[in-house]
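Only one structure is covered here, and it is reproduced in the block below.
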Amino acid sequence: MDVSGGRGQPRPGNDESADHTGPEAQAPGGTGDAPTTPSAPTPADNTDARPEGPTPGPGAPAPEDGTPQDTGAAPDHDAHGPGLDRHRTPAHTEPPADRPSHAPAGRPEHPDHPFAHSGSGKGQPPERPEERKRGGLLMGRPFGVPVYVAPSWFLVAILITWVFGGQIDRVLPELGAASYLVSLFFAVAFYASVLVHELAHTLAALRFKLPVRRIQLQFFGGVSEIEKEAETPGREFVLAFVGPLLSLVLAGLFYLGLLAVEPSSVPGVLLAGLMVSNLIVAVFNLLPGLPLDGGRMLRAVVWAITGKPMTGTVAAAWVGRALAVCVLIGLPLLTQSGALGSDAVDNVGMDTVLDALLAAILAAIIWTGAGNSLRMARLREHLPELRARTLTRRAVPVESDTPLSEALRRANAAGARALVVVDAEGRPFSLVREAAIVGVPEHRRPWVPVGTLAQDITEGMRVSAELAGEELLDALRSAPATEYLVVEETGEIYGVLSAADVERAFVKAMARPS
């Protein structure tokens, strides 16, 4: 194997070493739809620009064609309309594949993202500052899970206040302008019930030791970002079903409350509105197509019958796409015909246009969520192909005062593509950054010690050569860097793992058909 021995001496070549990584490690970076369940590692230090000028000799670590980008994605986040329930599940590796997501009355919770949790399953994964910024306004941390309200929610609150306020004014004209205050209260209460729906998914996930990154209330409902996929179809079914079940329970409670008040009073109007809205949320989310909760339940059933989660995902995703087409065509027709309780409309007016627009938005959300679930499932299927042992570059040990030109000569002679700085006892303590090497003109390399180009090895930058798949991505995400020291179980140096190589392999796995 191409590693250095305990005393810093290179060992004989091994066909498993980094320079035999094969096409995945060498393939150029590409584009692709990144899912919302595990994401590729994001390098911590990309400030080293690669200036033009001479490049290292043949033995130097080969410069990458770009800095790895964060492919995490929204784990599998699905959007739902007011009453849609999305979940982001691990997909997150989903590669994070098709993560079980659960989101009450708003979106199916899957994360598409992606990809990113600690992998321990205990406690909540740390949140990066940029994630908090994207999440919106932090409202609290029930059960240790942060709840955010996205800016888009305020647009929906205004819309609900305007529409429902006009209806209240027709039922209770004596309220006057106060009807809009009552309508605003309804908007807040409705999204509180969406939060309860999401908390049901969250509590079920925590019960099954699945980490939940956050809950977010946004434009068309809510989403719970669950960072791992359920281990069995039974748990997947329960995880998806608890959201609609809680919405049905809430609808029942509001109905009982309605029996105790005057229907034509303010409490009666509010309770009736909340009962109907929660019933709609529950029924809509029970429709059997991804990314809705009913789609996750269908996936669990097919998974249990066939024994193959991928088969369940494909079936539920295509049903979801068919459902999207039905919503796009059927909802405007039902509304115009009066089948939903309104008067039939013969001419095309503003209401018809709004109905068509709403149908298009819902159909787009469902279609996109189904596609994301398919992509995440494909990625999860190929994720085990990401192995630290096969992606690692062969490395040679050098002392910190070794001139860069001499270090590159040794690397060239050994067929290596990375440099590890060791102490007098042969213990590694820093890695020579590839970007830093590229920035040193060739004529200066004999006078530049490698120690000045190295980055100290922190505990998180030591990864086991046995890591693969989601465990490897979790390890890299927990300590973002451009290079990592790969070691054997005995502690011996195996080589250096470049985040750029992992990124390219990740994107290639994402693009490869099942």
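The values are calculated or read from the model by the stated rules, or taken from the named source; none is laboratory data. All figures in this text were calculated on a predicted structure; none of them were measured in a lab. Here Cβ is always computed from backbone atoms with ideal geometry, including for glycine, and neighbour counts include all displayed protein chains. In case anyone asks, the SASA skips ligands and DNA or RNA and just uses the protein heavy atoms, side chains included. Shrake-Rupley method; radii C 1.70, N 1.55, O 1.52, S 1.80 Å.
General remarks:
- The range 358-463 pair-distance distribution - Cα-Cα, 5 Å bins, rounded %: 2, 11, 16, 16, 11, 8, 6, 6, 7, 6, 5, 4, 2, 1
- Carbon/sulfur fraction of accessible area - the range 366-490, other protein chains in place, 1.4 Å, %: 51 percent
- Remark: the range 159-225 is approximated by an ellipsoid whose semi-axes, taken from the C-alpha gyration tensor as √(5λ), come to 35, 10, 7 Å, largest first.
- Among ASP501, ASP401, the order of accessible area from largest down is ASP401, ASP501, computed with a 1.4 Å probe on protein heavy atoms.
- Ranked by how many other beta carbons lie within 10 Å on average, peptides 283-289, 162-168 from highest: 283-289, 162-168
- Annotation: peptides 149-159, 225-235, ranked by per-residue average of other Cβ atoms within 10 Å with the highest first, follow the order 225-235, 149-159.
- Ranked by how many other beta carbons lie within 10 Å on average, peptides 264-272, 409-417 from highest: 409-417, 264-272
- Largest-first principal axis extents of the Cα set of the range 406-514 (Å): 50, 31, 25
- Across the range 198-317, Cα-Cα pairs farther apart than 18 Å form 57% of the total.
- Nearest-20 debye value, the range 410-499 charge dipole, Cβ charges on Lys, Arg, Asp, Glu: 600 debye
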